[in-house]
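Accompanying notes for the structure given below.
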Amino acid sequence: MRQNREQEFWFLTGSQELYGAEVLKQVTVHSRAIVEELNKGGQLPRQLVFKPVLTTAPQIRKIMEEAVSDGNCAGVIAWMHTFSPAKMWVGGLSVLDKPLLHLHTQFNEKLPFDTIDMDFMNLNQSAHGDREFGHITARMQVPRTVITGHWSHATTQARMAVWMRSALAVAESKNLIIARFGDNMREVAVTDGDKVDALIKLGWSVPTYAIGDLVAYRERVATSDVDSLIDHYRAKFNFSYSDEHYFFKHTRDQARTELALEQLLDDIGATAFSTNFQDLYGMEQLPGLAVQNLMAKGYGFGGEGDWKTAGMVRLLKVMGEGLAGGATFMEDYTYHLEEGNMLILGAHMLEICPSIARDKPTIEVHPLSIGEREDPARLVFTGRSGQAIVAALVDMGKRFRIVLNEIEAIDPPRTFAKLPVARVLWKPLPDLITSSEAWILAGGGHHTAYSDVVTAEYLRHFAEMMQVEFVDIGAETTIAKFRNELRYSEGYWNK
């Protein structure tokens, strides 16, 4: 699938002419060194690009306008090496519409107690230069993230990397195309939403394509390409069957759909899609294995016409690119309500991404009572244990809201011998009763985007950058406090 590997982030250093040429030369040397070392550090997902030190209002406005117009610039990082009078930044900040990170650091890590003099003090003024910059961004209500720490520290670089990954998701969001094959499942509310508002506020284009468009693409898939994909399946997955002809007939049908879907999506520039088992005219099976493999390649997906979750899954894929872990479409399917040990079993009819699998998945073919089509092939596996999140984007009528629950996936105490779908068992934080009550109070959907690599921090950054409401249900959540948070949020977003 198409991915923009040319994205970069610009490093902007603030100063002023007052200090003279020699000091500004030293500021430039320091700024370049920071950029070079950060790029060598290996934590940042994209290159950091040094830009000349900014000392005047026209320079600042010009560089901000260039950042806005450069399609490869995914965001800017600003640092005030010396004191940079903030009135100079007003014009530039007023035109900036890309993510902004205010890095509050300084070149030297430690005070040189025995040699420090006023020359050193005048050169290294980030302690109050950044506070001047912070004042103007606060007064202008500029969406931004502030990170404090020495630039060489691994913790600082890790936090910068998270911010960058959230910014990359913003760039993806502003150009996201989500193809819908069939509409929203009939009479279902939470998976539907205002697609025009999604385009205005999130940048998402959500066009519909007839299932016949996919059928036409399927008819053009070469048998040799299906054969090659089956060989790929054989190398990557276990096969489980008692009837070889039955198994391969149904698995080949999914392979044909996968090839057709990927080609169609690439032709229209879509990186996410949804399907609907109520609209399968001309299809032999509901896409199952095909969808799972496309998600593993980075596409977002939502079942039953749920385009909002499809978009969220794609954004989690972008945020977690290259990291150990995965992201998938998910549904809170059923509960384990044992007192003192309450758990959620997450699954769906077919479409859970193998990027979260604990062990090597197995291709199996089983009946599906929904959709009135042939028995679909699908990957069956159990998700790995560890910290994870589930998040839903919901349309609240006047705004979008991201609802997130921090969870802990666990290894099932017993096998699911008769459950022919991929699944994950988890403990929601702080507990099932509190988390489910809070989720329902927030209007969260039954479909979610699940990730065991992306954390709440990533989505909190994303929501701030996109100016979207965000509520987090975690270990410290109580219903009383959460109710108040929703009330405060209602007042803020409806002001």
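The values are calculated or read from the model by the stated rules, or taken from the named source; none is laboratory data. Fair warning: this is a prediction, and the values are worked out from it, not measured in the lab. Here the Cβ positions follow ideal geometry from the backbone for every residue, glycine too, while neighbour counts run over all protein chains shown.
For residues that are over 19 Å from residue 399 (Cβ atoms) and among the aliphatic types (A, V, I, L, M), scanning just the range 475-495, find the one that is surrounded by the fewest Cβ atoms within 10 Å (Cβ to Cβ). Working first, answer last.
Restricting attention to the range 475-495, the residues satisfying the condition of being over 19 Å from residue 399 (Cβ atoms) are 475-481.
Right, trim to among the aliphatic types (A, V, I, L, M) and you get 475, 479-480.
Working: 475: 10, 479: 12, 480: 8.
So the residue we want is 480.
Taking the criterion of being within 28 Å of residue 4 (Cβ to Cβ) and within 21 Å of the chain's Cα centre (by Cα), would at least one residue in the range 251-259 satisfy it?
The first filter runs over the range 251-259 and keeps only residues within 28 Å of residue 4 (Cβ to Cβ), leaving 257-259.
Among the residues that remain, those that are also within 21 Å of the chain's Cα centre (by Cα) are: none.
Scanning the range 251-259 turns up no residue that is within 28 Å of residue 4 (Cβ to Cβ) and within 21 Å of the chain's Cα centre (by Cα).
Please work out if residue 373 is of a type in the set (D, E, K, R), out of contact with any Cys (no Cβ under 7 Å at 6 or more places or on another chain), within 12 Å of residue 288 (Cβ to Cβ) and part of a strand (DSSP E or B). Steps first, answer last, please.
On the way: of a type in the set (D, E, K, R): yes; out of contact with any Cys (no Cβ under 7 Å at 6 or more places or on another chain): yes; within 12 Å of residue 288 (Cβ to Cβ): yes; part of a strand (DSSP E or B): no.
Here the answer is no, as residue 373 does not meet what is asked.
Would you check if residue 64 is surrounded by 14 or more Cβ atoms within 10 Å (Cβ to Cβ), out of contact with any strand residue (DSSP E or B) (no Cβ under 6 Å at 6 or more places or on another chain) and farther than 30 Å from residue 268 by Cβ?
On the way: surrounded by 14 or more Cβ atoms within 10 Å (Cβ to Cβ): yes; out of contact with any strand residue (DSSP E or B) (no Cβ under 6 Å at 6 or more places or on another chain): yes; farther than 30 Å from residue 268 by Cβ: yes.
The answer is yes for residue 64.
Of the residues that make up the range 42-51, is at least one modelled with pLDDT under 95 and either under 18 Å from residue 87 (Cβ atoms) or not in a strand (DSSP E or B) (or both)? Step through it out loud before you land on a result.
Taking the range 42-51 first, the residues modelled with pLDDT under 95 are 42.
This time we only want the ones that are either under 18 Å from residue 87 (Cβ atoms) or not in a strand (DSSP E or B) (or both), so: 42.
Scanning the range 42-51 turns up at least one residue that is modelled with pLDDT under 95 and either under 18 Å from residue 87 (Cβ atoms) or not in a strand (DSSP E or B) (or both).
One line per residue, one yes/no per condition, for (1) of a type in the set (Asp, Glu); (2) out of contact with any Pro (no Cβ under 7 Å at 6 or more places or on another chain):
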| position | (1), (2) |
| --- | --- |
| 379 | no, no |
| 404 | no, yes |
| 411 | yes, yes |
| 415 | no, yes |
| 418 | no, yes |
| 424 | no, yes |
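I'd like to know if the range 384-407 contains one or more residues that are within 23 Å of residue 463 (Cβ to Cβ) and in contact with a His (Cβ under 9 Å, 6 or more places away or on another chain). Steps first, answer last, please.
Step one: of the range 384-407, the residues within 23 Å of residue 463 (Cβ to Cβ) are 387-407.
Right, trim to in contact with a His (Cβ under 9 Å, 6 or more places away or on another chain) and you get 392.
Scanning the range 384-407, I find at least one residue that is within 23 Å of residue 463 (Cβ to Cβ) and in contact with a His (Cβ under 9 Å, 6 or more places away or on another chain), so the answer is yes.
Kindly indicate which of 251, 257 is more than 18 Å from residue 362 (Cα to Cα), at pLDDT 95 or above and crowded, with 21+ Cβ neighbours inside 10 Å.
On the way: 251 fails: more than 18 Å from residue 362 (Cα to Cα).
Step by step, each of 251, 257 is checked, and only 257 is more than 18 Å from residue 362 (Cα to Cα), at pLDDT 95 or above and crowded, with 21+ Cβ neighbours inside 10 Å.
Taking the range 376-406 as the region of interest, how many residues are part of a loop (DSSP other than H, G, I, E, B) and out of contact with any helix residue (DSSP H, G or I) (no Cβ under 6 Å at 6 or more places or on another chain)? Break it down into steps so the answer makes sense when it comes.
Of all residues in the range 376-406, those part of a loop (DSSP other than H, G, I, E, B) come to 376, 381, 384-385, 396-399.
So of that shortlist, the ones also out of contact with any helix residue (DSSP H, G or I) (no Cβ under 6 Å at 6 or more places or on another chain) come out as 376, 381, 384-385, 396-398.
Residues that pass the stated criteria total 7.
Return the only residue of 96, 101 being in contact (Cβ under 8 Å) with a residue 60 or more places away in the chain and surrounded by 20 or more Cβ atoms within 10 Å (Cβ to Cβ). Don't jump to the end; show me each part of the working.
Details: 96 fails: in contact (Cβ under 8 Å) with a residue 60 or more places away in the chain.
Answer to the check: 101.
For residues that are of a type outside the set (Lys, Arg) and assigned to a helix (DSSP H, G or I), tally how many sit in the range 61-78.
The number of residues fulfilling the criteria is 7.
Tell me, yes or no, whether the range 361-372 has at least one residue that is surrounded by fewer than 24 Cβ atoms within 10 Å (Cβ to Cβ), at positive phi and among the charged types (D, E, K, R).
For the range 361-372, residues surrounded by fewer than 24 Cβ atoms within 10 Å (Cβ to Cβ), at positive phi and among the charged types (D, E, K, R): present.
Among the residues of the range 419-462, count how many are assigned to a loop (DSSP other than H, G, I, E, B), in contact with a Leu (Cβ under 7 Å, 6 or more places away or on another chain) and under 24 Å from residue 396 (Cβ atoms). Can you show your working first?
The first filter runs over the range 419-462 and keeps only residues assigned to a loop (DSSP other than H, G, I, E, B), leaving 419-422, 429-431, 442-446, 452-455.
Within this subset, residues satisfying the condition of being in contact with a Leu (Cβ under 7 Å, 6 or more places away or on another chain) are 421-422, 442, 453-454.
After this cut, where a residue has to be under 24 Å from residue 396 (Cβ atoms) as well, the list is 442, 454.
Number of matching residues: 2.
Whether any residue in the range 304-323 is in contact with a strand residue (DSSP E or B) (Cβ under 9 Å, 6 or more places away or on another chain) and surrounded by fewer than 17 Cβ atoms within 10 Å (Cβ to Cβ) is what I want to check.
So far as the range 304-323 goes, no, none of its residues is in contact with a strand residue (DSSP E or B) (Cβ under 9 Å, 6 or more places away or on another chain) and surrounded by fewer than 17 Cβ atoms within 10 Å (Cβ to Cβ).
Residue-by-condition table, conditions (1) free of Cβ contacts under 8 Å to residues at least 40 places away in the same chain; (2) of a type in the set (S, T, N, Q):
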{"position": "126", "(1), (2)": "no, yes"}
{"position": "168", "(1), (2)": "no, no"}
{"position": "183", "(1), (2)": "no, no"}
{"position": "208", "(1), (2)": "yes, yes"}
{"position": "234", "(1), (2)": "yes, no"}
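For the range 288-301, indicate whether the set of residues that are over 22 Å from the mean Cα position of the chain (by Cα), surrounded by fewer than 20 Cβ atoms within 10 Å (Cβ to Cβ) and of a type in the set (Lys, Arg) is non-empty.
No, the range 288-301 contains no residue that is over 22 Å from the mean Cα position of the chain (by Cα), surrounded by fewer than 20 Cβ atoms within 10 Å (Cβ to Cβ) and of a type in the set (Lys, Arg).
Are there any pairs, at least 6 apart or on different chains, whose C-beta atoms fall under 6 Å, with the first in the range 468-488 and free of Cβ contacts under 8 Å to residues at least 60 places away in the same chain and the second surrounded by 11 or more Cβ atoms within 10 Å (Cβ to Cβ) and acidic (Asp, Glu), and if so, which?
The qualifying pairs are 479/437.
Which members of the range 165-205 meet the condition of being of a type outside the set (Phe, Trp, Tyr), crowded, with 22+ Cβ neighbours inside 10 Å and more than 19 Å from residue 467 (Cβ to Cβ)?
Within the range 165-205, 178, 179, 180, 191 meet the criteria.
Among all residue pairs at least 6 apart or on different chains, which show Cβ distances below 6 Å where the first residue, located in the range 418-433, is over 30 Å from residue 289 (Cα atoms) and the second is among the charged types (D, E, K, R) and buried (at least 17 other Cβ atoms within 10 Å of the Cβ)?
What qualifies is 429/406.
Specify the residue that is nearest to residue 10 (Cα to Cα); the eligible residues are those in the range 122-176 that are aliphatic (A, V, I, L, M), within 27 Å of the chain's Cα centre (by Cα) and in a loop (DSSP other than H, G, I, E, B). Walk me through it before giving the result.
Residues of the range 122-176 that are aliphatic (A, V, I, L, M), as a first pass: 123, 127, 136, 138, 140, 142, 146-147, 154, 158, 160-162, 164, 167-171, 176.
Subset that is within 27 Å of the chain's Cα centre (by Cα): 138, 142, 146-147, 154, 158, 160-162, 164, 167-171, 176.
In the following step, the residues that additionally are in a loop (DSSP other than H, G, I, E, B) were identified as 142, 176.
On the way: 142: 18, 176: 23 Å.
Among those that are aliphatic (A, V, I, L, M), within 27 Å of the chain's Cα centre (by Cα) and in a loop (DSSP other than H, G, I, E, B), it is 142.
Looking only at the range 437-470, which residues are touching a strand residue (DSSP E or B) at 6+ places or on another chain (Cβ under 9 Å) and over 26 Å from residue 295 (Cβ atoms)?
Within the range 437-470, 438, 464, 469 meet the criteria.
Would you please name the residue that is surrounded by the most Cβ atoms within 10 Å (Cβ to Cβ), looking only at residues in the range 1-30 that are acidic (Asp, Glu) and in contact (Cβ under 8 Å) with a residue 40 or more places away in the chain?
First, pick out the residues of the range 1-30 that are acidic (Asp, Glu): 6, 8, 17, 22.
Going one step further and asking which of them are in contact (Cβ under 8 Å) with a residue 40 or more places away in the chain, we end up with 6, 8.
On the way: 6: 10, 8: 14.
For the range 1-30, the residue satisfying everything is 8.
Looking at (1) surrounded by fewer than 22 Cβ atoms within 10 Å (Cβ to Cβ); (2) among the aliphatic types (A, V, I, L, M); (3) over 27 Å from residue 163 (Cβ atoms), which one does residue 357 not meet, given that it meets all the others?
Here residue 357 meets the rest and fails (1).
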